[in-house]
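The values are calculated or read from the model by the stated rules, or taken from the named source; none is laboratory data. Small disclaimer: the values here were computed from a predicted structure and weren't measured. Glycine gets a Cβ as well: all are built from the backbone with ideal geometry, and neighbour counts include every protein chain shown. Heads up: the accessible areas ignore ligands, DNA and RNA and are worked out on the full protein's heavy atoms, side chains in. Shrake-Rupley method; radii C 1.70, N 1.55, O 1.52, S 1.80 Å.
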Amino acid sequence: MPKLFADRTVPARCPFCRREILPPREIKGGQWYDFNGGYCACGAVYAHDPTARNGGAVLLQAMLMACKGDMERVLSLSSETDYDEGHVQKYNGERHKVEPQAFGTLYFIRLREEAE
Ligand SMILES: [Zn+2]
């Protein structure tokens with residue numbers, strides 16, 4: 001059985017534009033923002049679920065970030081016409097890498113009107 005020594009980790013990239021993203025960090029300015037997240041240059045936002053158990057709450061935070069904290073706007077959005085959702089799975093937040101054995105997830109939201 002040959003051993004593979006290649007580094008199987010890859011950088012975390014935005015699923016929409018394939019840019020490498022910055023490490024998620026604390027999001028200021030909202031009581032709802034319990035998770036670390038960030039903003040991509042293409043207009044996408046992302047939030048990090050480090051446990052793989054918070055999915056819905058993390059996704060909601062990403063939607064709120066995309067709508068600049070406007071919950072009414074979040075509730076008015078339709079996934080078919082207004083935004084796209086993407087995921088980066090197997091994300092290790094401590095190393096900021098995608099790894100085969102990691103189990104965190106990054107949730108991405110990009111409003112179509114904000115897209116480049
Ligand atoms: Zn992007």
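Based on DSSP H runs of at least 4 residues, each adding -39500 (n - 2.57), what is the mean residue ellipticity at 222 nm of the chain after dividing by all its residues, to the nearest 500 deg cm²/dmol?
On the way: 2 runs with 18 residues, N = 116.
-4500 deg cm²/dmol, from helical runs alone.
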Under a point-charge model restricted to the Cβ atoms of Lys and Arg (+1) and Asp and Glu (-1), what is the dipole moment magnitude of the stretch 20-108 relative to its Cα centre, in debye to the nearest 20?
300
One point scatterer per Cα, no solvent, Debye formula: log10 I(q)/I(0) for the stretch 20-108 at q = 0.12 Å⁻¹ comes out as -0.33
GNM of the chain, Cα pairs under 10 angstrom: of GLY104, GLY69, GLY29, the biggest fluctuation goes to GLY29
For the chain, built as a Gaussian network whose Cα springs stay under 10 Å, the top-fluctuating residue of LEU22, LEU64, LEU106
LEU22
Please build a GNM for the chain, connecting alpha carbons under 10 Å apart, and tell me which residue among ALA66, ALA102, ALA47 fluctuates the most.
ALA102
Leading residue at positive end of dipole, the chain (Cβ point charges), from GLY38, GLY69, LEU22:
LEU22
Which order do PHE35, PHE16, PHE108, PHE103 take by accessible area at a 1.4 Å probe, largest first?
PHE103, PHE16, PHE35, PHE108
Rounded to the nearest 10 Å², the 1.4 Å probe accessible area of CYS67 is 10
Using a 7 Å offset from the Cα along the Cα-to-Cβ direction at both ARG73 and LYS28, what is the distance between the two label points in nm, to one decimal?
2.0
